Structure formats: C-alpha cells, structure tokens
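These notes are about the structure you will find just below.
The values are calculated or read from the model by the stated rules, or taken from the named source; none is laboratory data. Computed from a predicted model, the values in this text were never measured in an experiment. Heads up, the Cβs are rebuilt from the backbone with ideal geometry, glycines too, and the neighbour counts pull from every protein chain shown.
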Amino acid sequence: MIATIASRYGIAKLIDALTGDKDLGALAVELVGALAASEDRLGERLAGIERRLDEVLEQRYTTAVGTGLRTLLDAGTTADSRVREDEMIRARDLFREAGAAARSRLQVAIAERYLLLCAVALGRPDAARTALRRLDGAATAALFEAGQSALLLNASVEAHARLDRTGWSGSQRKRDARTAELRDSIREAAGEAAELAGRLMVEAAVLAEGLGDGPSPSVRRLPPGQPVRAAFVTGIHRWEIRPRGAGPVRMGALRVDWHDVRVVKAEQPSPRPATSQRTRGDEFRRRAGLPPLGSDRPRLVSRGRLSGSDSFARAFRRAEVHPFGTLEVDVAVRAEPVLAGPVDVRLDVLGAPSQPVTEIGSRILGRVRTLAAGEAEIRIRQSLPADARAGCTLTVGGLLVFPSPVG
C-alpha cells in the first residue's frame, strides 16, 4: 500500500506529507486513510494466520495497534500542528506497547512498520532508522519462518504433533483425514504470512529510499519453486530483487554484493567418451556414500522408472555437462541485523530449475551454502557450468531470488 502510493506521487512527496507539509494535506489524509482501510483487513488476516500457525495474538497487542492506528488517523487529518505532534507521540507510544506485546516475528514487523511512520512524521531520522532496522529484521525472519512452516514435511510433522497434544482418539482413517486437514491449514496460513512479510519488506525498502539510502530495488513476484522431492514443496511465491543502480542490492535484512560474475569459455570443446558420464555419476555416488550405478537394480519400480539413487545419479550426470565453459562467481551475502536461524544460500545458472536436482548433490558440489544463525556474512566463490546466457541467480531461503548483474 505504501509502495503503491509512493509510486503514484513519489517517495519525496510521501515523506513530506508524513512530516506535516500543509500543501500535501490531501496526500496525508489519503495515506492515513489507506493505512486505516488496510489495517482493518490486516487485523483479520493476522488473527487467522496466527490461529492456524498455533501462535498467540495477545489482546493487548490487538488493542494497542487498533488504538494507535486511530490516533494516527486523527493526527493525519488535523490542521493544528501542535495537536498533530501530540497525537503522533501518543500513537508512537501505543505502537511501542504493541511491539512489546508481540509474540511472533510478523507481529513485531507490523508494529515496527507503524513506529517507522511515526518517527518519520515526527522528524526523528535516528528513531526512523532504528525502526527500519527492526522492521527489516523481523519481516525477513518472518518470511523465512513461514517458508519453513509451509514445507510439506514440516507441516505434516506439526499437524501430527498438534493432534497428539489434543489427545485425538479415533480410527486411523479419521486421524489421517484430520492430519491432512491440519497440514493444509498450516501451509495456507504460512503462505499468507510469507506474502504479508514480503510486502512489509517492500514497503521498508521504499521508506529506506525516502531516508536517503539510495533507490529501492525493483521487486517482482515469482511463481513458487518446484523441487524434485515433494517433501520440500512450499507453494509460496518467491520475490525477485533487482537493483536499480550499481552497487549492492538490499532487501529486508539482506544485502547482496556481486563482486565478480564472468564467463570463462572452454578453449576447444571435445566430444566426451561414451563412458565419461557414467564415470562422473559413479564418482558422485562414491562421494555421496552410495553403491555403484547398477548395483541396486532390484529397486526398479513397476513402471520401469528408476527409483532412489539410480534416478538420483542419472539426473546429476545430465545436470553437470559443461558445453560452453564456466561461470566464475564471487558474491557476498550480509545480514543486517543478523538472523536468529540458519538460512540456505544457493547459486543456480540462469534457466536452471528453481530447485537443485538433489539437496545432497548440491551441497557436495558447494552450490548450497548456509548462512548460520548469528553469522553476519557469507562469501561464495563458485564455478558453475555456463552457456551463452552467462548469468546466474542467488536464492536465499528458497524465497528471495537475486539475479546476477550479468545476463
């Protein structure tokens, strides 16, 4: 919503309207009115999300946010500058109370969003940057937590645990049906939470531009990724982030700095021996602790498709052909503030599947690295198979996609 208004009027006018420019009173009224309208829907959505994710939404939090928003609306519509400042201070205190009562990352992010707007309106750039940093951290953590909750495997485990806690009794068929219902509800709520967290991150980027942090990135929603293994399906839309200028690109708590992306062409491609692909596959299987290709033939399934490690190794061999050359990549990912949980960081060649062929294979090859909990930065230097497209993508947490500046 803030991003939409900023794109219509410009971020400079939006900031001026928040700070009480009398010539932009109509814009201030429109902004606060839009906030009030969105908050009505947001409150209902948040209550539904937290209930299905088994989170607690404190009454104190709901009351503080609602009262603070009403106070913010009064401040935005008054012509008296002194009354406006007093109302803004009161709204700020209410949103601080809401932040203190928050029980989830998403609740914290919403409270910090309003604290950021109040700080801008009161002409407090120091307080605005503090709220912006906390908003970035909470929204990014909420996005990644939602991604983990939406995983089919994790949602199934959580659904079983909830049934056990309630002392469910009944036939196995009814239990399975109830588990599937709970699992789908958890995944749906996680998807909504991720969508809301992503939009909060976009709004924060727009307001950061208004605070002098340079142009906000270009952000586009992408379809959910399609991993090979069903257990890793999330069904959550991803976000593609491209910089509008030179230098690092920031989204939420993450800053991505592409130090080097270049193609090293193969000097003279030569035909591979007929056995080379099998040799590469056997070597991969040996490193992965798997038996040689063909030794597990009894595991063939009825329709003639290879199961388990046979299809695993053959898919790996198909994915590792280097017909054009290599893409030499040097990229750094920094978290400001640091994240409380680990996040996977993955490099893919442009046009490659949205998920690696196998998680084990990608980790052995070094394509998937982990930004550990509390770690400020990870630097990745990697050679990837390249073709004429000469570019790659960096995917963080499976949900934030940063295309390389080459391509």
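In this entry, ALA388 passes the filter for residues that are modelled with pLDDT under 90 and in a loop (DSSP other than H, G, I, E, B). A single member of ARG96, ARG84, ARG52 is in the same structural domain as LEU207 (by TED's automatic domain parsing), out of contact with any His (no Cβ under 8 Å at 6 or more places or on another chain), at pLDDT 85 or above and of a type in the set (Lys, Arg), and it is ARG96. Every test in (1) outside the structural domain of ALA141 (by TED's automatic domain parsing); (2) part of a helix (DSSP H, G or I); (3) not hydroxyl-bearing (Ser, Thr, Tyr) is passed by ARG221 save one, and that test is (2). The set of residues in segment 72-83 that are crowded, with 19+ Cβ neighbours inside 10 Å and either charged (D, E, K, R) or over 20 Å from TYR61 (Cβ atoms) (or both) comprises ALA75, GLY76. Once segment 69-81 is narrowed to residues that are assigned to a helix (DSSP H, G or I) and either touching an Asp or Glu at 6+ places or on another chain (Cβ under 8 Å) or under 15 Å from LEU135 (Cβ atoms) (or both), the residue that is modelled with the highest pLDDT is THR71. Here is the figure for segment 97-147: residues that are of a type in the set (D, E, K, R), farther than 20 Å from PRO342 by Cα and touching a residue at least 40 places away in the same chain (Cβ under 8 Å) total 3.
Restricting the first member to segment 176-195 and to residues that are at pLDDT 85 or above, and the second to residues that are among the acidic types (Asp, Glu), the beta-carbon pairs closer than 7 Å and six or more apart or on different chains are ILE186/GLU158. Does at least one position in segment 229-251 carry a residue that is assigned by TED's automatic domain parsing to the domain that holds VAL333, modelled with pLDDT under 85, under 30 Å from GLY325 (Cα atoms) and in contact with a Lys or Arg (Cβ under 9 Å, 6 or more places away or on another chain)? No. Looking only at residues of segment 115-141 that are basic (Lys, Arg) and not in a loop (DSSP other than H, G, I, E, B), we find that the one that is surrounded by the most Cβ atoms within 10 Å (Cβ to Cβ) is ARG134.
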